[in-house]
Amino acid sequence: MAAEVARARRHTERSSVRSGSVERCLTWWSRSSRRAFDEIRLHRLEIVHAVENMASCRVADKAGFALEGTLRSAMLHADGWHDMHLHAAIADG
């Protein structure tokens with residue numbers, strides 16, 4: 001019983017750290033995106049990540065970057081070619 005409680009506590013702590021990391025990442029993306037659009041006057045921002053990385057997909061979506069499609073065999077990693085998701089945000093106006 002004590003071992004199960006300890007495992008559950010460790011899992012909860014890891015989840016909290018992950019949630020905090022995601023929140024910090026979203027805050028950073030939001031500030032950086034606003035600065036890129038408002039101050040630097042960029043028109044388009046893109047995020048590209050491995051299709052298998054669903055956490056990055058959720059972060060991009062929550063940060064307001066629409067999924068535009070899949071780039072097939074777009075990135076060479078140590079274990080071979082990977083398909084990549086392309087997300088983008090467009091400046092308002």
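The numbers here are math on the coordinates, done by the rules we state, and not lab data. Because the structure is predicted, anything quoted here is derived from the model rather than measured. All Cβ positions, even for glycine, are placed from backbone atoms using ideal geometry, and neighbour counts span all protein chains on display.
Quick notes on this one:
- Length gained when the stretch Arg34-Asn53 is fully extended (0.36 nm per residue, less Cα-Cα span): 4.3 nm
- Separation of the Arg41 and Ala88 label points, Cα + 7 Å toward Cβ, nm: 2.1 nm
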